[in-house]
Amino acid sequence: QVQLVESGGGLVQAGGSLRLSCAASGIIFSRYVLGWYRQTPGKQRELVADITTGGSTNYADSVKGRFTISRNNRNAVDLQMNSLQPEDTAVYYCNAVIPVVGGTKYWGQGTQVTVSS
């Protein structure tokens, strides 16, 4: 059974930092494109950052220079979030997808990040 489990969310003041981690079981992360998405009530889920199997990264314009996505050797993917702003408040989801057309996709259950002003 495949499971993606996020951790590291919480409440932080504006300007602070959090580190999210997503650990996988049942799949080998190195074979997947990994991403972090976020969603607020009434809005569509949006891509925050992703990292390819080769290590190339891609970021939403709103987080460039503040967030860093990285793979680690514990079959997990991290998202370091610095200089957090209230508009970063959302539920953050981990995603893993096989990089082929129609590739299998998995989602975590989400972790809440709340940034107070």
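The values are calculated or read from the model by the stated rules, or taken from the named source; none is laboratory data. Please read all numbers here as calculations on a predicted model, not as lab measurements. Backbone-built Cβ (ideal geometry, glycine too); neighbour counts: all protein chains shown. SASA here: full protein model, heavy atoms, side chains in, ligands and nucleic acids out. Shrake-Rupley method; radii C 1.70, N 1.55, O 1.52, S 1.80 Å.
Data overview
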quantity	calculated
Selected residue (criterion: farthest from Thr111 (Cα to Cα)) from residues of region 80-94 that are in a strand (DSSP E or B) and open to solvent by 10 Å² or more (accessible area, probe 1.4 Å)	Gln80
Scope region 31-56; condition farther than 20 Å from Leu84 by Cα and touching a strand residue (DSSP E or B) at 6+ places or on another chain (Cβ under 7 Å); matching residues	Tyr32, Val33, Leu34, Ile51, Thr52, Thr53
Residue count for region 25-68, restricted to those that are hydroxyl-bearing (Ser, Thr, Tyr), surrounded by fewer than 19 Cβ atoms within 10 Å (Cβ to Cβ) and more than 21 Å from Val115 (Cβ to Cβ)	6
Residue list for region 53-82, restricted to those being farther than 17 Å from Gly9 by Cβ, at pLDDT 95 or above and of a type in the set (Ser, Thr, Tyr)	Ser56, Thr57, Tyr59, Ser62, Ser70
Residue among Val97, Val77, Val115 that is surrounded by 15 or more Cβ atoms within 10 Å (Cβ to Cβ) and touching a Pro at 6+ places or on another chain (Cβ under 7 Å)	Val115
Every pair of residues 6+ apart whose Cβ atoms lie under 9 Å, when the first sits in region 80-100 and is touching a residue at least 40 places away in the same chain (Cβ under 8 Å) while the second is of a type in the set (Phe, Trp, Tyr) and in a loop (DSSP other than H, G, I, E, B)	Asn95/Tyr32; Ala96/Tyr32; Val97/Tyr32; Ile98/Tyr32; Pro99/Tyr32
